Amino acid sequence: MENHHLLIQPFLDFLKFEKRYSQHTLISYQNDLTGFFDFVVTQFGETPLSQITHTFIRSWLASLKDEGLSAKSINRKISSLKSFFKYQVKVGEVKQTPMAKVVAPKSEKRLPNFVADKDIQTLFEYVEFPDTWKGQTERLLLQLFYQTGMRLSEAIQLKETSINFSNSTLKVLGKGNKERVIPIQPELKKEVQLYLDKKKTEFSETLSDTLLVSEKGKPLQPRSVYTSVKNYLSLVTTIQKRSPHVLRHTFATHLMNNGADLNAVKELLGHSSLAATQVYTHNTIEKLKNIYKKAHPKA
């Protein structure tokens with residue numbers, strides 16, 4: 001295996017420049033592939049790419065399973081290898097992909113965690129947000145996550161110009177640089193307007209056109225957003241996961257539970273395929289079962 005770096009790098013460049021994948025995604029691909037090739041070298045010695053068969057891959061996956069890796073993590077590694085070999089076929093390095101005979105382990109279908117309606121209500125009606133710039137920013141952030149379902153990276157990148165006040169929408173830059181437009185409620189629009197007005201008085205010169213800024217006037221850091229969300233959600237809910245993504249799930253679940261169309265939810269979330277959105281129908285079915293149990297004489 002001529003130095004695996006030489007094999008992996010062109011593929012990473014392809015993902016970065018052609019597919020426009022984020023730095024975060026590129027790092028996980030790189031880690032997955034480096035892990036695989038290190039395993040091949042230690043177990044089987046130097047092996048040309050064309051001689052790697054599904055047996056190599058299966059024994060790698062078996063070793064990961066023995067290390068206690070979850071089905072979800074193993075599936076991610078399988079999908080990294082699939083993309084990698086598909087690319088190698090495309091550029092003519094290998095004739096066919098060894099991935100055809102590799103079966104993904106069934107992952108335990110975990111329903112997305114979401115925050116109950118009453119807890120969300122408590123959060124926005126009763127929780128005290130400090131009367132500081134940070135407190136105001138955190139409150140608006142939480143409202144944006146819950147009312148638009150946007151991702152952490154999307155919220156941090158929102159520009160002042162992303163908000164269209166005349167038609168009550170905001171424009172979000174999603175994965176793979178795809179734009180989508182999300183309608184916003186009058187109440188949220190008012191909150192954004194108030195925040196912008198305060199921002200003008202708080203920071204004499206506008207430091208950046210990023211909508212949400214720290215007390216230093218700088219764009220927010222993912223780590224600090226994560227911590228804020230976790231802290232506030234801890235005050236109102238006992239669910240294990242308390243992240244921006246949980247508020248995204250909550251947004252979607254509340255829509256589905258109130259009868260929203262699956263395709264509409266898909267558009268709002270910016271999912272590229274319906275499969276990703278369909279997990280929310282499970283929540284709806286669970287809810288229907290409960291209603292049935294409580295309300296039907298034959299239940």
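Structure values in brief
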item: Over the chain, relative contact order from alpha-carbon pairs under 8 Å, at least 6 apart, %; result: 17
item: About the Cα centre, charge dipole magnitude for the range 177-299 (Lys/Arg +1, Asp/Glu -1 at Cβ), debye; result: 600
item: Ascending count of other beta-carbon atoms within 10 Å, so fewest first, for W133, W60; result: W133, W60
item: The range 4-101 - percent relative contact order, Cα under 8 Å, separation 6 or more; result: 28
item: Most positive-pole-ward Cα, A62, F36, S50, against dipole of the range 22-146 from beta carbon charges; result: S50
item: Dipole magnitude (debye, nearest 20) for the chain, charges at Cβ of Lys, Arg, Asp, Glu; result: 980
item: Residue order, fewest to most beta carbons within 10 Å, for Y292, Y232; result: Y292, Y232
item: Candidate aspartates and glutamates - alpha carbon under 13 Å from K199, same-chain residues fewer than 8 apart omitted; result: E160, E191, D209, E215
item: Of the trypsin sites (Lys or Arg not before Pro) in the range 91-169, those whose Cβ has at most 13 other Cβ within 10 Å and which sit in DSSP loop; result: K95, K106, K109, R110
item: Net lengthening on full extension, K106/K230 (0.36 nm per residue, minus Cα-Cα); result: 41.6 nm
item: Mean ellipticity per residue at 222 nm, deg cm²/dmol - from DSSP H runs of n ≥ 4 across the chain, formula -39500 (n - 2.57); result: -19000 deg cm²/dmol
item: Computed Kirkwood radius, in angstrom, where 1/r is averaged over Cα pairs of the range 131-195; result: 12.1
item: Convex hull (Cα only) mean projected area of the range 168-258, reported in nm² to one decimal; result: 7.9
item: Degrees between helix 274-295 axis and first principal axis of the chain (Cα, 0 to 90, nearest 10); result: 60
item: Net charge over other residues, Cβ less than 12 angstrom from the Cβ of M256 (K, R count +1; D, E count -1); result: 0
item: Stretchable slack from S79 to A295, in nm (0.36 nm times residue separation minus alpha-carbon distance); result: 73.4 nm
item: Cα centroid separation - the range 259-293 against the range 173-207, whole Å; result: 28
item: Shape parameters for the chain, alpha-carbon atoms, Rg then Dmax in Å; result: 23.1, 70
item: Per-residue Cβ neighbour rank within 10 angstrom, fewest leading, S228, S204; result: S204, S228
item: Mean shadow area of the range 4-101, taken as a quarter of the surface of its Cα convex hull (nm²); result: 6.1
item: Crossing angle, helix 186-202 versus the chain [Cα axis fit, 0-90 degrees, rounded to tens]; result: 90
item: Cα-based helix-to-principal-axis angle, 117-126 vs the chain, degrees rounded to 10; result: 50
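Just so you know, all these numbers are worked out from the coordinates, no wet-lab data involved. This is a predicted model, so every value here is computed, not measured. Counting neighbours? That spans all protein chains shown, and the Cβs are built from the backbone with ideal geometry, glycine included.
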